[in-house]
Amino acid sequence: MEPGEVKALSKPLLAGFCVMAALVFAGCRSPDTYYWGHYEDVIYGMYAHPDRVPPEVQIQKLEEDVHKAISANKPLPPGFRAHLGYAYSEVGKWDLARQEFEAEKKAFPESAIFMDRLLTNLAKK
Amino acid sequence: MKRLLFILWGMALVCGLTGCVSKPYDYTNFRAHPPRSLLVLTPLNQSTDVRGTYGYLSSVSKPLAEMGYYIYPVAVVDEFMKENGLPTAGEMQQIPLQKIHDVFGADAVLYLTVLDYGSKYQIIASTTTVSAKGKLVDVATGTTLWEGFAVAQESSSSGNLIGDLIVAAVDQAINSSTDQAHNLGAQVNQQMFTTKDHGLLYGPYFPKEKAN
């Protein structure tokens, strides 16, 4: 077989493998509905390394994710805004905390009772 | 150094004493009381590693939310309860359902228990095991909607004694710094909640185009 024939054969073969691989991956796992960013890493970090992941760091990471989620045109997951709001309240940023609890409520009406409770607690501060 | 990595998957359903692993879960109660919102309480930890509680809890939200449910912010809920006089998972899991309804408005509560979390270092290999069980209860009626169990295990061995001794030592160093069990915990959750016929049914936020 000439070297050229090998080349000619390998291209469609390679393309075939790519298509197959794409199909297999598409079948295995559909893309996430939400933009998760650092949300779960932040939760892990705040308990595993509280000294390295204080509320200030949580806020920084989650704020980055908010922008990235907008760029990716994906919604933020349930609980994300509530966590960000909680982190704001930990550092005394009451207005920002309030905004996030309201945003969680708007995005997920199921959260309303708990968010209202957190908002009531904020109002006392 | 040649290193083989075995990832052993295990999946079983908690279904009484019969141990019927492959039989699909009976979703009669689940379908009768389909929840929209799930309150995940801080897990009980029966493992020997104190990191199990939060190392495991931190990977619960994603698979559940991607199944289509509203998942309350797990860390905020945990902190909220601590601030309200419930410092331990044991106490949190004792809260009456009526109280959960009043405070959170959740449709269902997920009670989790970490059974294994961590690594065992034998001479020739190290094995990391994470296993957990879960029980979903309808807040309004107290009915059990679903129960599940999953285990993930990862072990390393090369078939070469000197090499294995080095692998075990290196693993010990890496595991203690990166908490490898945390990564396995995510696999346990994925397995426990999303496996067809054994995991949860899709919730109201699950995109219709994905279900087909």
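The values are calculated or read from the model by the stated rules, or taken from the named source; none is laboratory data. This structure is a prediction, so every number in the text was calculated from the model and none was measured. FYI the Cβ positions are ideal-geometry reconstructions off the backbone, even for glycines, and counts take in every protein chain you see. Areas reflect the complete protein model, heavy atoms only, side chains present, ligands, DNA and RNA absent. Shrake-Rupley method; radii C 1.70, N 1.55, O 1.52, S 1.80 Å.
Starting from the Cα-Cα distance between B:K23 and B:T194, subtract it from 0.36 nm times their residue separation and give me the gain in nm to one decimal.
Numbers: separation 171, 0.36 × 171 = 61.56 nm, distance 1.56 nm.
Between B:K23 and B:T194, full extension yields 60.0 nm more.
With 19 Å as the limit, the listed pairs A:K61/A:K124; B:K62/B:K135; B:K23/B:K196; A:K74/B:K210; B:K135/B:K208 have A:K61/A:K124; B:K135/B:K208 beyond it between alpha carbons.
If we count every other residue with Cβ under 14 angstrom of B:L145's Cβ, Lys/Arg +1 and Asp/Glu -1, where does the sum land?
Details: positive: B:R31, B:R36, B:K135; negative: B:D26, B:D107, B:D138, B:E147.
Residues close to B:L145 contribute a combined charge of -1.
Take A:D116, project a point 7 Å from its Cα along the Cβ direction, then tell me which residues of region B:98-131 have their backbone nitrogen under 18 Å from it. Under cut-off, by backbone N: B:98-108.
Suppose the chain between A:E102 and A:S30 were pulled fully straight at 0.36 nm per residue; how much longer would it get relative to their current alpha carbon spacing?
Full extension from A:E102 to A:S30 adds 22.9 nm.
With a Förster radius of 51 Å applied to the C-beta separation of A:N73 and B:Y121, the computed FRET efficiency comes to 0.65.
Counting Cβ atoms of other protein chains within 10 Å of each residue's Cβ and taking the mean over peptide B:57-70 gives 5. Dividing the radius of gyration of the alpha carbons in region A:37-125 by their Kirkwood radius gives 0.96 for Rg/Rh. Note on B:T48 and A:H49: with the Förster distance fixed at 25 Å, the Cβ-Cβ geometry gives a FRET efficiency of about 0.75.
Ranking B:H33, B:H198, A:H67 from most to least accessible surface, computed with a 1.4 Å probe over the protein chains only, gives A:H67, B:H33, B:H198. Couplings 3J(HN,Hα) of region B:82-98, computed from phi: 4, 5, 9, x, 10, x, 10, 4, x, 6, 4, 6, 8, 4, x, 4, 4 Hz, in residue order, whole Hz [Karplus 6.51 cos²θ - 1.76 cosθ + 1.60, θ = phi - 60°; x for Gly and Pro]. Rolled with a 1.4 Å probe across the full set of protein chains, the surface gives B:T195 an accessible area near 40 Å².
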